[in-house]
Amino acid sequence: GVYLGRVIGSSFDALDVARIEVLRGPQGTLFGRNTVGGAVNVVTGDPGDTWEGDVRLIGGERNLLGGQAKIAGPISDTLGFSASVLKRQQDGWGENPFTGQTFGDLDNTAGRLKFVWQPSEDFTARLAADASRVRGSSQHQLLVGFNPGISSPLGVRMAPQVGADLNTGNLY
């Protein structure tokens, strides 16, 4: 129920997902946005009548460490609450031979709060808030050929010292 109009939404880690709906486009009438190609609607679970919780830990290659936790339940007869948090870190897999900087690092943190108020059978109000911080380094890319005397595809000459010879370390 939270609109994400950018490609960054595809890189989010999922928290407390009840179902995923893939909707063919256009969906401007339903979502109030110009979604010509359709929409992906991620629906989170509503809190139930009893308290529940879930904790998951992950680990893996390149020092992958992460965890996810959820708690949900009733605050009163008409108000329910759920909260989810996620943390994931992983070292990169590539290295810049000149600076030593790694590529492909992950450092993601996300959280979600949801309140559901149902004072009667005919009325339900939902308030949801999502927050995330996606950090890390760019993916590793390798340039296999470079001629500084040739113009770029846009017709602009390359700036000086943007390329280097890996064998000699000379800048071009």
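Descriptive notes on the structure:
- Residue check for Val116: of a type in the set (Val, Ile, Thr) and open to solvent by less than 50 Å² (accessible area, probe 1.4 Å): yes
- Within segment 73-87, the set of residues being among the hydrophobic types (A, V, I, L, M, F, W, C) and either within 16 Å of Leu106 (Cβ to Cβ) or not in a strand (DSSP E or B) (or both) comprises Ile75, Leu86.
- Filtering segment 55-86 to residues that are open to solvent by 40 Å² or more (accessible area, probe 1.4 Å) and touching a Pro at 6+ places or on another chain (Cβ under 7 Å) leaves Thr78, Phe81.
- Segment 13-33, subset surrounded by 11 or more Cβ atoms within 10 Å (Cβ to Cβ) and either assigned to a strand (DSSP E or B) or under 22 Å from the mean Cα position of the chain (by Cα) (or both), residue modelled with the lowest pLDDT: Arg33
Conditions tested, residue by residue: (1) charged (D, E, K, R); (2) in contact with a strand residue (DSSP E or B) (Cβ under 8 Å, 6 or more places away or on another chain).
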residue: Val36; (1), (2): no, no
residue: Ala39; (1), (2): no, yes
residue: Trp51; (1), (2): no, yes
residue: Gln68; (1), (2): no, yes
residue: Lys87; (1), (2): yes, yes
residue: Asn96; (1), (2): no, yes
residue: Leu106; (1), (2): no, yes
residue: Phe123; (1), (2): no, no
residue: Leu127; (1), (2): no, yes
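- Residue match in segment 52-72 (condition: part of a strand (DSSP E or B) and within 15 Å of Leu127 (Cα to Cα)): yes
The values are calculated or read from the model by the stated rules, or taken from the named source; none is laboratory data. Bear in mind that the values here come from a model prediction, so they are computed numbers and not experimental data. Methodologically, a virtual Cβ is constructed for each residue, glycine included, from the backbone with ideal geometry; neighbour enumeration extends over all protein chains shown. When the accessible area is computed, the model is the full protein with side chains, heavy atoms only, and any ligands, DNA or RNA have been set aside. Shrake-Rupley method; radii C 1.70, N 1.55, O 1.52, S 1.80 Å.
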